[in-house]
Structure formats: C-alpha cells, structure tokens
Amino acid sequence: MAIEDTLGSLPEFVDVVVDGDGDGDGRTLYRLDAWAARRARRTPTGAARLLLRSLAMPYELFEHTADLGLRVRAPSLERLCAEGARGLTSVLVVAPEAVLGRETRCLALANDDAAELWREWLAELAFLFAARGFVVASCSVAIRAGRLDAEVCGESFDERRHGRAHEVKAVTYHALRVVEDAEGWLGEAILDI
Amino acid sequence: MTASAGFAGPLERVDETLWRIPRRYKAGMHVDGLIYADDALIAGVRDDQAAEQVANVACLPGIQVASLAMPDIHWGYGFCIGGVCATDPAQGGVISPGGVGYDINCGVRLLRSNLSWDELRPHLPRLVDTLFARIPAGVGRSGPFQFSGQELRRLLAEGVPFLQRRGLATAADLEHTEAGGCLAGADPAALSARALERGVGQCGTLGAGNHFLELQVVDRVVDAAAARTFGLREGGVCVMIHSGSRGLGYQVCDDALKALQGVPAKYRIDLPDRQLACAPAESSEGAHYIAAMRAAANFAWCNRQLLMWQAREVIAEVLGRPWETLQLELVYDVAHNIAKLEQHLVEGQRKPLWVHRKGATRAFPAGHPELPAAYQACGQPVLIPGDMGRASWVLVGEPGAMERSFGTTCHGAGRTMSRTAAVKHARGRRIDCELEQAGVVARSTSARGLAEEQPDAYKDVDLVVDVVERAGLSRRVARMRPVGVIKG
C-alpha cells in the first residue's frame, strides 16, 4: 500500500484503509487527523501499517520493571496533555471507552517547566481518581505562559461498567520527559503501580 | 537513561556473595557500593541501571560505610529497590524520600494458628471466598473502618496503640509489631490535605499491585528451635499480609519529592540524579519530611493491624471458633520501606544513623534491645514474601546483619518480568485455574492483576534467601507454601 496514494488532501480527519493487517477481514480503518496524516506522508511504505496504528492511538504503554510507562505523541503540548489523560484512564480502568463525559470539572496548574507541568497534570488526574473516584473521558486543555487550564469531562467511577485495572500510586520523576521535535511533542512518564 | 540500558561499570567480586562498585567509579562517591548477590543473580544486576543507582546513592552527604543493595535488587526511583543507606546526621547526613519509596512502611505481617492443613483444607474455598468478599482489596476501595478527621490525626500520631484503645488490637499485637506499631515524632500537621483525603476510608484495605493476603502452610522447617520460638510447626496454617500506607503514604512521598526539589541546591548538595531529592536530616525541610513519613508509617501499621483484625474475624466465623481459640496470634510485623534513626557501630563508635531501607527488611539479631522479650534469645523474625505459586520465607536476623548491613536483609523475590510482559505471557491462559491446579485458591478483583503477579513474573525467592543466609545477614527458619490468596 502506498500511503501517498491514500492521503490526498488534509481535511480535519482522514480515514485510511489498510489491507493485510491480519485481523481476519483484511481491512482496518484508521482515522487520522491532519497532523497525524502529515506524519504518515513522510513515512516509508514498509512501516505504514505500524505507524498508522500508533497514530490512531496517540498514547502507548511501555515496559518498566515493576511499573508502567506512558508515552504520548501529539502535535502540541495541549494535545499531549489531553491524550495523556486518555492514556492514564486506560491504565486506571479496564474499559476506558465506556467512560462517559457526564460531568465537567475545571482544573488549573502552573509550572514553567513543560516536563514538570506534564507530571503534575497526570498526578492531578490520578489524584482525582484515587481520592474522589472521578474518571476522565476527555478534556480540553489550554496552556499559556506555564499555566494550564483544563476542562475535564468524565464521570464517577462505576466498577461494573468501567472495571478496575491498576492502582497508580504516583506519577514519578523517573525518566520523566517532554520534548518537542520536528514531528511534534513527545511526553513520557513512569507510573508507580 | 532507559530501561534497556545495562550497567557497564565495574563490579568487583569481594567474596562469594558480595560485589563492589569501587568509590573511584564515579566522581562524588563518598563510599563504595556493595551488592549482595551470587553468580546467577549478579548477571541479572547488569541488565538494568540498578547498580548505577547504588553508585549514585554513594554520593549522598553523610553516607556511612557503603551504599548497599540486597540480592532482590532492581531498578527503582532514585534509589534501587533492595537499597540500604545509612547517613550520619552529625556529618550533614541527609534524609531522602526516594530512599523510602512511595509506599511508606510497606511491610509484611504473619499470623500463626493452631490449625493444621488437614483441618483447614475442607474449609479453604469458602474461607478464601469470604476473605475476598469481606476484606476490601483493589484500586481505591474503602474499608469498613471509618475515622473522622480528628480520629485519623490521632491514629497518625499514636499508631497501633490508638487502635488498642478502641478494642482493635491486643497488647500482644503491639508487642510483636516493629516499634510497637508507633514511631514517636509523627506529626499529622505535616501532612497535606490531599494526603489526609487519600487516607480517609483506606485504613484496613489491602490495595492493589503486589499486595496480598495469603493463607499459607508451613512447608518445611529449617531451624527447629527458632520455628518453635515463633510458634511455627510443619503443616501449621498461617496468614501473611503484605500492604502499606495506601494513598496517604503515596501522597506524602509525592508531596515531599516536590517540596524538596530546590533543597539540595540550597544546601549545596550536588546530586548525580535529581530523583535523589533529599535534605539534611537536621534541617527544617528534613524534619518536616521525617514527621510526615513517621505519621504515614503509623498509618501503615494500623492498616495491617486492621487487615489482620478482619482476617481473624472471618476465619473465626468460617471455622466456627473464636480467633483466640484458634490461637491466631501475630508472629511479627516488619516494615521494608522506611527510614529510622537507629544506633549502629561504625569504626568502633556507636552513633545514631538514619537507616533508609527501600525494599529491604530490618533483621536484628538475638539480644537487640528493640526486640520483644519472646525473641530476645532468638532474633527478630524476618518475613520474606515470594510469589503466589511457590513460596515465602520466615528468616531470623543474624549478628552479621549488624556488622555488614546496618541490621538489614532482603525483602522479597524481585520481578523478572515487566507487567506488560507478564500480561503477554498470560495470554490465552487462566492464571487462577493454573494456581488452583497447583493447590492454590486465588481470588483477585482483576484478571489482569493476577496475570501481572503470576509466579513466572518473579525470581525464585529460594535463590534470594540462599544468598542472604550465606552472607550471614539472616538465616532460614521456615518455608511457607501458599494455599489461598486474595489480591487487589
């Protein structure tokens, strides 16, 4: 498959169909936004399927001896935090897709260091879950001059619908990383389980 | 530093169970690094950055003798897991939250009983199911013991004696708990509102991750005299509980790491890794963390006490006899994530040191003044949880621990597999069914949690225990076989 052929214009979202991904029906649909599509266009054809999969899910969990690492790629620091929230929810509950945005909460944090701000943001959401049983479905984030303002949509944890997954003791400083490169922003954090 | 990077620095063999990272390895090291391991375990030590962390800890101001690591060493945050570090406050010695860990006073307690395995066996499935139904386990669960804000503050300041006054602990329970279940100098006012909020409702809950409550059978007695002293006999039924200070302790550590960020620079402490955040133990910042850490430690002892209390009630109910008749007595409760001011002998001089044990267990020998009367002639029981399929161990402290490791030994098996790798390894399998076939009834709030904690994910604890015995830090008393497990 040639990605260049598939991705023509760059509307807000692009649906890409890839054959031969081994899922039985021979077809997988990936929905990419404009930023993800731009990244995909620069990618050699051979790596297309794996790349598309990772782009369709901007966060991933990686291994750490006794704990879990959360890695997010996004076009902006704001999106990085928003996708990080989704990633964290996927660590906390078994069925993150079942979490509904029934309730909105406003959060504000400040830190001039992007990595510290990223850690504090995730720690804030982990606290909301641990102490107040609030689980996040989605959020919109604005960051200006080291100040983060967010509207967080979610609901009270429901064991039957959401399922318990991990207890996140803390978002650690270990291997904490936020970098901006040609492809956007990368954020990593190790979660103490 | 990535998880895949191994340690390429020097590891010099000192003897058959001890390896040295010499002080010359890294600028700023005040002492050598010393790692207890045999040939098989040291190979694993080279796989990650835990040994580098041992070298980094050797750079902390006031560190005494050596930066130590036990054979269950693995990569942690700042300090490695299995790390031991003693600092002298009179020499500007520091206190470091990273040397204690997030789960302050995570630890283990063991109850014995007069039940034999044959007597328990017919009741086992119902007993495990009832324990699982009644004892809160898993993410964020709250327990049946609700304390008001004022009561919680008293619990934090007074520890297990507070519970004794409410009829939830006996004098014997206190006697057989490290420090009597209370560290003096705990200050609830040093805790943030968030820490208190996370703690309310969680005292008496097991939590998730590697925490557990196990019904165990004494599988093999190695030291008959010590086993007799601890009330353990082959085929006897015991209960082992592994838990800590829950969300309250995690928040205390998180708050401290944040608060101490600028402090090393203030005191001109040059750190090779910012996760070693610390403060001179006698500074105002150090004193604040110590007061909060002690309160969290008291909370953890109360947590394990209330878990034990619930277990006693459930066992009594299922067996139809009072727990006193079943002689469900506490053998011991010991912390493995803590920092304590203790007296130790350094170059012929006895002095108070801040001993940090992070994934390392106190192992005082016979005659130590901090031991209860019943164990004065024998030494302190050391409780080493293994994995839920193979075994755990009861050891006893040896004089070598005082001479070589500030009265410390190992704390567990240590993981060999990451959580994600363990889940992949369990794909297509039912861990609970496999355990049941192996004679272990296991109940967990999460199938994924059970997969992550499967026996294959851990080193064989027998190998770890063998090293600390050969090193003279503690000796084997009894091997414990799990028969029932509840987990979060």
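This table checks each residue for (1) of a type outside the set (Lys, Arg); (2) open to solvent by less than 10 Å² (accessible area, probe 1.4 Å); (3) outside any loop (DSSP other than H, G, I, E, B).
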{"residue": "A:154", "(1), (2), (3)": "yes, yes, yes"}
{"residue": "A:161", "(1), (2), (3)": "no, no, yes"}
{"residue": "A:167", "(1), (2), (3)": "yes, no, no"}
{"residue": "A:173", "(1), (2), (3)": "yes, no, no"}
{"residue": "A:180", "(1), (2), (3)": "yes, no, yes"}
{"residue": "A:185", "(1), (2), (3)": "yes, no, yes"}
{"residue": "A:188", "(1), (2), (3)": "yes, no, yes"}
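Which members of the stretch B:403-434 meet the condition of being crowded, with 22+ Cβ neighbours inside 10 Å, away from chain A (no Cβ under 14 Å) and more than 22 Å from the chain's Cα centre (by Cα)? Outline the logic, then answer.
Residues of the stretch B:403-434 that are crowded, with 22+ Cβ neighbours inside 10 Å, as a first pass: B:405-415, B:419, B:422, B:431.
When the remaining residues are screened for being away from chain A (no Cβ under 14 Å), the result is B:405-410, B:431.
Within the stretch B:403-434, just B:431 meets the criteria.
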When the stretch B:277-293 is examined, which residues are found to be crowded, with 24+ Cβ neighbours inside 10 Å and either within 12 Å of chain A (Cβ to nearest Cβ) or more than 25 Å from residue B:149 (Cα to Cα) (or both)? B:277, B:278, B:279, B:281
Does residue B:48 fit the bill of being among the acidic types (Asp, Glu), away from chain A (no Cβ under 14 Å) and touching a residue at least 12 places away in the same chain (Cβ under 8 Å)? no
Which one of B:84, B:57, B:65, B:14 is on the phi < 0 side of the Ramachandran plot, open to solvent by 10 Å² or more (accessible area, probe 1.4 Å) and touching a strand residue (DSSP E or B) at 6+ places or on another chain (Cβ under 7 Å)? B:14
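Here is a yes/no grid of residues against (1) among the basic types (Lys, Arg); (2) within 14 Å of another protein chain (Cβ to nearest Cβ); (3) touching a Cys at 6+ places or on another chain (Cβ under 7 Å); (4) closer than 22 Å to residue A:175 by Cβ:
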position: B:30; (1), (2), (3), (4): no, no, yes, no
position: B:44; (1), (2), (3), (4): no, yes, no, yes
position: B:52; (1), (2), (3), (4): no, yes, no, yes
position: B:55; (1), (2), (3), (4): no, no, no, yes
position: B:62; (1), (2), (3), (4): no, no, no, no
position: B:71; (1), (2), (3), (4): no, no, yes, no
Using the structure shown, decide if residue A:177 is within 12 Å of chain B (Cβ to nearest Cβ), more than 25 Å from residue B:210 (Cα to Cα) and charged (D, E, K, R). yes
Among (1) part of a loop (DSSP other than H, G, I, E, B); (2) among the hydrophobic types (A, V, I, L, M, F, W, C); (3) within 9 Å of chain A (Cβ to nearest Cβ), where does residue B:271 come up short? (3)
Which one of the conditions (1) assigned to a strand (DSSP E or B); (2) closer than 30 Å to residue B:488 by Cβ does residue A:90 fail to meet, given that it meets all the rest? (1)
Just checking, does the stretch B:215-232 include any residue being open to solvent by 10 Å² or more (accessible area, probe 1.4 Å), within 14 Å of chain A (Cβ to nearest Cβ) and over 25 Å from residue B:459 (Cα atoms)? no
Return yes or no: is residue B:258 open to solvent by 50 Å² or more (accessible area, probe 1.4 Å) and either within 14 Å of another protein chain (Cβ to nearest Cβ) or β-branched (Val, Ile, Thr) (or both)? yes
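Is it fair to say residue B:125 is away from chain A (no Cβ under 14 Å), farther than 21 Å from residue B:206 by Cα and at pLDDT 95 or above?
no
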Per the list (1) open to solvent by 10 Å² or more (accessible area, probe 1.4 Å); (2) away from chain A (no Cβ under 12 Å), residue check on residue B:77 breaks on (2)
For residue A:133, which of the numbered conditions (1) surrounded by fewer than 16 Cβ atoms within 10 Å (Cβ to Cβ); (2) at pLDDT below 95; (3) at negative phi; (4) within 14 Å of chain B (Cβ to nearest Cβ) fails to hold? (3)
Yes or no: the stretch B:345-353 includes at least one residue that is open to solvent by 10 Å² or more (accessible area, probe 1.4 Å), farther than 16 Å from residue B:179 by Cβ, without any contact (Cβ under 8 Å) to a residue 40 or more places away in the chain and of a type in the set (S, T, N, Q). yes
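The values are calculated or read from the model by the stated rules, or taken from the named source; none is laboratory data. Please read all numbers here as calculations on a predicted model, not as lab measurements. Note that we place each Cβ from the backbone using ideal geometry, even for glycine, and neighbour counts take in every protein chain shown. Just the protein is used for accessible areas: all its heavy atoms, side chains included, with ligands, DNA and RNA removed. Shrake-Rupley method; radii C 1.70, N 1.55, O 1.52, S 1.80 Å.
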